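Quick one: the structure is below, and I'll ask about it shortly.
The values are calculated or read from the model by the stated rules, or taken from the named source; none is laboratory data. Predicted model only: the values in this text are computed from it and were never measured. FYI the Cβ positions are ideal-geometry reconstructions off the backbone, even for glycines, and counts take in every protein chain you see.
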C-alpha cells in the first residue's frame, strides 16, 4: 500500500509518495491526492517520488493523468527525486520529454517561475 501525504513549501503543494504505485493500490490514492489539491486551488504541484519502491503501467498512467489534469487547470506538475527504476521507465517510454523532472524537491520547487 502507498502512503501519500501533502504539504506546502514556499507556495508549492508537495505530494510525498511512499511505497508502490500499482494498479488498485497507489494509483487511486495518487489520483485522489492530486485531484483534491486541484479542487482546493493548488496550481503548483511537486510529486516527490523518492520513496516509491515500485510502479507499474497503471502507476505510470496515473502520473500522466495527474500531469494532464494539472495542465487542464492551468497548473504545473513537476516530478522530483525519481528512483533509478522509475527514471529508466520514463526514459524507455519517452515520457521524460513530457514531464518536468528534477533531481531534488528544492530544485523542483524553485523552478516555478
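Select from segment 64-97 the residues that are farther than 17 Å from residue 48 by Cα and either surrounded by fewer than 15 Cβ atoms within 10 Å (Cβ to Cβ) or more than 15 Å from the chain's Cα centre (by Cα) (or both) and list them in ascending order.
Listed by number, the residues that qualify are 68, 71, 72, 73, 74, 91, 92, 93, 94, 97.
Could you please tell me which pairs satisfy a Cβ distance under 7 Å, a separation of 6+ or placement on different chains, a first residue in segment 72-90 that is closer than 14 Å to residue 59 by Cβ, and a second residue that is in a loop (DSSP other than H, G, I, E, B)?
79/99; 90/99
Where residues in segment 11-40 are loosely packed, with under 15 Cβ neighbours inside 10 Å and in contact with a strand residue (DSSP E or B) (Cβ under 9 Å, 6 or more places away or on another chain), which of them is farthest from residue 64 (Cα to Cα)?
11
Also, I was wondering about something else. Please state which one of 69, 80, 50 is modelled with pLDDT of 95 or more and touching a strand residue (DSSP E or B) at 6+ places or on another chain (Cβ under 7 Å).
None of the other options fit; the residue is 80.
Sticking with this structure for a sec: Please state which one of 28, 64 is part of a helix (DSSP H, G or I), over 15 Å from residue 6 (Cβ atoms) and at pLDDT below 95. Outline the logic, then answer.
Numbers: 64 fails: at pLDDT below 95.
Exactly one residue qualifies, and that residue is 28.
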